[in-house]
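What follows is a single structure, written as structure tokens, with notes after it.
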Amino acid sequence: MNPIKPEDAFKNIISHSKEYGFIFQSSEIYDGLSAVYDYGQLGAELKKNIRDYWWQAMVQLHHNIVGIDAAIFMHPTTWKASGHVDAFNDPLIDNKDSKKRYRADVLIEEHIGKLEDKIAKEVEKAAKRFENFDEAMFRGTNARVQEYQKKIDEIEARFKQALNDNNLEEVKQIILDLEIVCPISGSRNWTDVRQFNLMFSTSMGSVSEESSTIYLRPETAQGIFVNYLNVQKTGRMKIPFGIAQTGKAFRNEIVARQFIFRMREFEQMEMQFFVKPGTEMEWYAYWKQARLNWHLSLGLGAEKYRYHDHVKLAHYANAACDIEHRFPFGFKELEGIHSRTDFDLKQHESFSGKKLQYFDPELNQSYVPYVVETSVGLDRLFLSILSSALKEETLEGGDTRSVLCLPPALAPYKAAIFPLVKKDGLPELAESIYTTLKFDFNVAIDEKDTVGKRYRRQDAIGTPFCITVDHQSLEDKTVTVRHRDSMQQERIAISALQEFLEQRVSLKVLLKTL
Ligand code: ATP
């Protein structure tokens with residue numbers, strides 16, 4: 001298999017998504033809405049399968065995790081308590097010439113990224129030159145590398161200080177001092193830096209007054225925190241236990257230009273695990289590993305994932321990391337695992353005046369539990385899977401095929417049934433096979449074009465098996481099954497198809513690897 005070149009990969013994924021009905025720009029006939037997307041007929045299936053796999057791995061495989069479905073609208077005080085009203089901001093800056101808006105922190109981080117690239121180039125050059133190359137030693141002694149590193153450290157320290165002091169003038173000054181230019185206009189004609197709250201607001205009821213302002217939730221987690229006691233009591237949950245949820249979240253992102261990587265309306269899959277204070281680091285380590293294993297179980301390549309441990313922690317966290325995925329545009333955050341202490345529950349206690357404690361029968365005492373959270377974006381996960389699965393293959397004879405090597409359990413269609421010709425009773429036999437399989441699997445029937453073209457179409461949408469019904473099928477009740485990845489074919493009895501698929505395409509296959 002030849003993976004597509006990185007520079008073309010992202011464009012290919014976007015056009016492939018549209019061409020085959022995975023993802024469309026929202027309201028496209030009105031020229032679209034920025035950073036909002038619709039899932040088409042195949043996208044909706046793939047997304048549902050990914051969500052189901054997550055849900056079953058979390059809820060069904062853990063006797064102490066239950067799932068809920070909280071509303072998008074929540075009492076506005078929720079967002080005061082969580083800190084989102086006062087601190088869910090991005091520092092933004094506009095270029096006066098291009099009129100383009102940027103996140104000030106992203107401009108500075110990209111500048112640091114360029115310096116890091118320079119270091120990487122020096123390391124690469126030296127590695128080629130010397131045998132038994134010791135990278136750590138080289139980084140520690142090479143004058144040029146040291147100089148770049150010194151610059152990086154200085155910028156980071158200055159920037160961190162500016163953010164801690166909420167000193168937006170200093171943030172602008174850093175951008176000016178680093179001579180950062182707008183990538184569109186090339187100018188340094190910047191506005192002041194302003195804080196921009198990422199929450200969307202609307203008003204409830206008929207009068208739009210200050211008091212009736214409510215928010216579209218920017219994360220699903222708070223729906224779990226405010227229901228912590230409801231679930232614990234009615235479900236008679238004993239610590240440690242978890243509450244899982246999937247659902248829409250909304251953020252008015254300033255920089256949202258990477259397809260479904262960063263959207264203004266997206267879906268999260270979060271789980272809050274409530275633990276005894278003092279045991280949170282063990283659980284943090286457990287979930288960090290468990291979530292990486294889940295991603296690895298998809299079989300898309302271990303080299304595509306890595307951890308990024310946070311050095312700078314949010315004030316409420318005592319440990320945090322991201323699982324990063326290698327997207328076509330580089331390694332980026334896919335999922336966050338955070339040890340959030342008792343911050344959220346304590347905040348809700350103090351804003352609501354209600355106790356949110358747990359009586360621990362073993363200790364014979366009550367406490368506010370600590371929380372370890374796993375939080376992954378479903379759309380981002382979708383993109384990670386789609387971009388790793390899409391391959392361009394050169395076949396014998398020079399032909400090429402696009403093949404979407406999805407894990408079979410996630411594929412929109414598990415099999416496609418082809419009557420070889422549209423006569424002689426073959427369509428009827430195909431229909432009867434479809435009728436027996438449809439209760440367990442999402443199966444397609446495809447009668448149009450040559451079998452070769454039908455194979456290409458199904459390869460491009462990731463269907464793991466194509467079942468061809470031919471004249472021999474009428475006589476001996478067997479069909480040809482063709483495997484998507486190897487393109488190998490085998491003859492199978494129609495009566496054995498059900499079990500053949502069950503063993504290869506059901507979610508159970510993935511769940512059992514966890
Ligand atoms: P980022 O640094 O990329 O903005 P974040 O740290 O703000 O992400 P969290 O608040 O931890 O993200 O949200 C958890 C997960 O939700 C992320 O790991 C990501 O997968 C997903 N997510 C967050 N923002 C978006 C978005 N705008 N579009 C799509 N997915 C998102």
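The values are calculated or read from the model by the stated rules, or taken from the named source; none is laboratory data. Owing to the predicted nature of the structure, the values given are computational and were not obtained by experimental measurement. Every residue, glycine as well, gets a Cβ built from its backbone with ideal geometry; the counts of neighbours run over all protein chains shown. The accessibility values were calculated without ligands, DNA or RNA, using every heavy atom of the protein model including side chains. Shrake-Rupley method; radii C 1.70, N 1.55, O 1.52, S 1.80 Å.
Residues that are acidic (Asp, Glu), in contact with a Lys or Arg (Cβ under 9 Å, 6 or more places away or on another chain) and over 30 Å from Ala221 (Cα atoms) do occur in segment 79-98.
Using the structure shown, decide if His295 is surrounded by 18 or more Cβ atoms within 10 Å (Cβ to Cβ), under 30 Å from Phe10 (Cα atoms) and either more than 12 Å from the ligand (Cβ to nearest atom) or of a type outside the set (A, V, I, L, M, F, W, C) (or both).
Numbers: surrounded by 18 or more Cβ atoms within 10 Å (Cβ to Cβ): yes; under 30 Å from Phe10 (Cα atoms): yes; either more than 12 Å from the ligand (Cβ to nearest atom) or of a type outside the set (A, V, I, L, M, F, W, C) (or both): yes.
Taking the combined requirement at face value, the residue satisfies it.
In the set (1) within 13 Å of the ligand (Cβ to nearest atom); (2) open to solvent by 10 Å² or more (accessible area, probe 1.4 Å), Ala249 fails one condition alone, (2).
Restricting attention to segment 15-40, the residues that are more than 15 Å from Val403 (Cα to Cα) and part of a helix (DSSP H, G or I) add up to 4.
Contact annotation: residue pairs with Cβ atoms under 8 Å, 6 or more positions apart or on different chains, pairing a residue in segment 215-229 that is more than 13 Å from His338 (Cβ to Cβ) with a partner that is assigned to a strand (DSSP E or B) and of a type in the set (Ser, Thr, Tyr), are Tyr215/Ser201; Tyr215/Thr202; Leu216/Ser201; Leu216/Thr202; Thr220/Thr246.
Being more than 10 Å from the ligand (Cβ to nearest atom) and assigned to a strand (DSSP E or B): is that true of Ile243 here? Considered against the rule, which asks whether it is more than 10 Å from the ligand (Cβ to nearest atom) and assigned to a strand (DSSP E or B), Ile243 comes out as yes. Within segment 322-339, being more than 9 Å from the ligand (Cβ to nearest atom) and open to solvent by 10 Å² or more (accessible area, probe 1.4 Å) holds for Glu324, Arg326, Pro328, Phe329, Gly330, Phe331.
Here's the yes/no breakdown for (1) more than 20 Å from Leu298 (Cα to Cα); (2) modelled with pLDDT of 95 or more; (3) within 16 Å of the ligand (Cβ to nearest atom); (4) not assigned by TED's automatic domain parsing to the domain that holds Glu45:
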position: Pro369; (1), (2), (3), (4): yes, yes, no, no
position: Ala415; (1), (2), (3), (4): no, yes, no, yes
position: Leu429; (1), (2), (3), (4): yes, yes, no, yes
position: Ser432; (1), (2), (3), (4): yes, yes, no, yes
position: Leu437; (1), (2), (3), (4): yes, yes, no, yes
position: Thr450; (1), (2), (3), (4): yes, no, no, yes
position: Lys453; (1), (2), (3), (4): yes, no, no, yes
position: Arg457; (1), (2), (3), (4): yes, yes, no, yes
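The residue that is nearest to the ligand (Cβ to nearest atom), among those in segment 371-413 that are open to solvent by 30 Å² or more (accessible area, probe 1.4 Å) and among the small types (Gly, Ala, Ser), is Ser402.
Out of Asn142, Asn164, I need the residue that is more than 16 Å from the ligand (Cβ to nearest atom) and loosely packed, with under 12 Cβ neighbours inside 10 Å. Which one? So that I can check it myself, show each step before the final result.
Values: Asn142 fails: loosely packed, with under 12 Cβ neighbours inside 10 Å.
Being more than 16 Å from the ligand (Cβ to nearest atom) and loosely packed, with under 12 Cβ neighbours inside 10 Å holds for just one of Asn142, Asn164, which is Asn164.
Yes or no: segment 260-283 includes at least one residue that is open to solvent by 50 Å² or more (accessible area, probe 1.4 Å), more than 22 Å from His348 (Cα to Cα), more than 24 Å from the chain's Cα centre (by Cα) and more than 11 Å from the ligand (Cβ to nearest atom). Checking segment 260-283: at least one residue is open to solvent by 50 Å² or more (accessible area, probe 1.4 Å), more than 22 Å from His348 (Cα to Cα), more than 24 Å from the chain's Cα centre (by Cα) and more than 11 Å from the ligand (Cβ to nearest atom).
Against the condition open to solvent by 60 Å² or more (accessible area, probe 1.4 Å) and assigned to a helix (DSSP H, G or I), how does Lys172 come out, does it pass? Before the answer, list the steps.
Details: open to solvent by 60 Å² or more (accessible area, probe 1.4 Å): no; assigned to a helix (DSSP H, G or I): yes.
Criteria not met by Lys172.
Taking segment 449-499, which residues are within 28 Å of Leu395 (Cα to Cα) and small (Gly, Ala, Ser)? The answer is Gly452, Ala460, Gly462, Ser486. Screening Phe200 against (1) open to solvent by 20 Å² or more (accessible area, probe 1.4 Å); (2) in contact with a Ser or Thr (Cβ under 6 Å, 6 or more places away or on another chain) leaves a single unmet condition, (2).
Here's the yes/no breakdown for (1) of a type in the set (A, V, I, L, M); (2) closer than 17 Å to Val106 by Cα; (3) touching a residue at least 40 places away in the same chain (Cβ under 8 Å):
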position	(1), (2), (3)
Glu122	no, no, no
Asp134	no, no, no
Gln149	no, no, no
Asp153	no, yes, no
Val231	yes, no, yes
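Evaluate segment 351-365: report whether one residue or more is assigned to a helix (DSSP H, G or I), assigned by TED's automatic domain parsing to the domain that holds Met263 and under 13 Å from the mean Cα position of the chain (by Cα). Within segment 351-365, none of the residues are assigned to a helix (DSSP H, G or I), assigned by TED's automatic domain parsing to the domain that holds Met263 and under 13 Å from the mean Cα position of the chain (by Cα).
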